[in-house]
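Below is one structure, written out as structure tokens, with a few remarks after it.
Bear in mind that the values in this text are calculations on the coordinates, not laboratory data. As the structure is a prediction and not an experimental result, all values here were calculated from the model. Every residue, glycine among them, receives a Cβ derived from its backbone with ideal geometry; neighbour counts consider all protein chains shown.
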2 protein chains.
Amino acid sequence: MKLTKHTDYAFRVLIYLAGYEKDKLATIKEVTAVFDISRDHVMKIVQKLAKAGFVDAIRGKFGGMKLGSNAADINLRDVVTLMEVTLAPVNCEEPPCRIAQGCVLQTLLFEAQELFLSHLGQYTLSDLIKPESETLYIIKALGESFAAGE
Amino acid sequence: MKLTKHTDYAFRVLIYLAGYEKDKLATIKEVTAVFDISRDHVMKIVQKLAKAGFVDAIRGKFGGMKLGSNAADINLRDVVTLMEVTLAPVNCEEPPCRIAQGCVLQTLLFEAQELFLSHLGQYTLSDLIKPESETLYIIKALGESFAAGE
DNA sequence: TCAAAAGATGTATTTATAATACCCCTATTA
DNA sequence: TAATAGGGGTATTATAAATACATCTTTTGA
């Protein structure tokens, strides 16, 4: 039932970027410092997000990253689907289940999972950083204290 | 998003018992043979199910196990809740998330999880072994071939 | 033109925990 | 009292997630 830390971290990064002024770049270093996750780890997550187009990563001096599209266009379900390796709630083949054929439980579990995902599918990143929200306020504060040399 | 094998196996055992004639006992040995899971492993799962009252385990010679109540009274949500160690989709405390306070994502994830669980909550074991169902047929066949010396 | 800043990527290691195995115990009944 | 059946603590193994290491390429301005 648990999502991986990768998915968790991906959301933290995306929310942080969404809280930024549009087109302002954040660096890996900044995200690393703000969330206290190792550079290497953040890199892996950002690269995955970049390949999927959720973030734009700009190389070179004065490079950095920003959202790849409007926060309102980044669907939460898509983020989960991207980051999670195994989405299936059960694996009836490995080891093979003797009663898998025609198993109603299988169907119910996949329906349940679809309800989980489709609930997230109703929201986008912009729902997480509404103006006047606590999150937006916190992000701005974190960004400022990083800029001020932590 | 994945459930543990323990939960998976617990369901296999329960479905098997539900497919049995009421009050007929199945042994650990039988379940072990039918599902090709080790005795020790089956024991652990059955013990957990027994402690929760989902199965009655009867010790001693000619002992065995059967459902602890009517299949219609064994709710699928309760089985998942019993078997899964970590139900929370994310852990915002470990490592602590700097933007956890007032985080909307948290709320959405828990809502999504609740939809998952409540879907299962609408069904019981008896929904999985309806008369004339393929599952019931398969279980009877497995039971017979075990009785016939595998 | 090269040094500094920034992201890219493949591989290896560590850690957590799920899964499994081992061992010996207790209960029941012919 | 022996055979059959479940009980339960502890140890080990396997798997995958999490993390670390090393080395790369890209960009830009002095």
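Using a simple spin-label model with pseudo-atoms 7 Å out from Cα toward Cβ, A:Ala52 and B:Asp56 lie 5.0 nm apart.
On average, how many beta carbons from a partner chain sit within 10 Å of the beta carbon of a residue in B:1-10? If you average over the peptide's residues, the count of other-chain Cβ atoms is 6. Note on B:Lys24: aspartates and glutamates with a C-alpha under 15 Å away, same-chain residues under 8 apart excluded, are B:Asp56, B:Glu144. With the gyration tensor restricted to C-alpha atoms of the protein assembly as shown, the semi-axes of the equivalent ellipsoid amount to 48, 17, 17 Å, longest first. Remark: the stretch A:32-41, residue by residue, has Karplus-estimated 3J(HN,Hα) of 4, 5, 5, 9, 6, 10, 5, 3, 4, 5 Hz, where x stands for each Gly or Pro and the curve is 6.51 cos²θ - 1.76 cosθ + 1.60 at θ = phi - 60°.
Applying a DSSP loop filter and a limit of 15 other Cβ atoms within 10 Å to the chymotrypsin sites (Phe, Trp or Tyr not before Pro) in the stretch A:50-138 leaves A:Phe62. For the stretch B:106-148, the orientation-averaged shadow of the C-alpha convex hull comes to 4.3 nm² (one quarter of the hull surface). Shielding of peptide B:134-142 by partners, expressed as the average count of other chain Cβ atoms within 10 Å per residue Cβ, is 3.
In order along the stretch A:97-106, the Karplus-derived 3J(HN,Hα) couplings, from 6.51 cos²θ - 1.76 cosθ + 1.60 at θ = phi - 60°, round to 8, 5, 10, 5, 4, x, 5, 6, 4, 3 Hz, and Gly and Pro are given as x.
Measuring against 22 Å, Cα to Cα, the residue pairs A:Lys29/A:Lys140; A:Lys5/B:Lys2; B:Lys2/B:Lys51; A:Lys44/A:Lys66; B:Lys29/B:Lys130 contain B:Lys2/B:Lys51; B:Lys29/B:Lys130 as the ones spanning a longer distance.
Relative to the longest principal axis of chain B, what angle (0 to 90°, nearest 10) does the C-alpha long axis of helix B:5-18 take? Approximately 40 degrees, to the nearest ten. Could you list the residues of the stretch B:70-114 with an amide nitrogen less than 14 Å from a label point located 7 Å from the Cα of A:Asp40 in the Cα-to-C-beta direction? Nothing falls inside the zone, counting backbone N under 14 Å. Amide hydrogen proximity for A:Gly68: with H placed 1.01 Å from N in the peptide plane, the residues at 5 or more positions away or on another chain lying under 5 Å are A:Val55, A:Asp56.
With the cut-off at under 14 Å, measuring from each backbone N in the stretch B:10-39 to a point 7 Å along the Cα-to-Cβ line of B:Ser126 picks out B:18-19, B:22. Shape of the stretch A:12-61 from the C-alpha gyration tensor: rounded (a/c under 1.5, with a ≥ b ≥ c the square roots of its eigenvalues). Rounded to the nearest Hz, the phi-derived 3J(HN,Hα) couplings of the stretch B:47-62 under the Karplus curve 6.51 cos²θ - 1.76 cosθ + 1.60 (θ = phi - 60°) are 4, 5, 5, 5, 4, 7, x, 6, 10, 9, 9, 10, 6, x, 3, 6, where x marks glycine and proline. Over all pairs of different C-alpha atoms in chain A, the reciprocal of the mean inverse distance, the Kirkwood hydrodynamic radius, equals 17.0 Å.
With K and R counted +1 and D and E -1, the other residues having a Cβ less than 12 Å from that of A:Lys5 yield a net charge of 0. Neighbouring Cβ atoms from other chains, within 10 Å of the Cβ of residues in B:80-92, number 3 on average.
Relative to the longest principal axis of the Cα atoms of chain A, the long axis of helix A:134-147 makes an angle of roughly 50 degrees.
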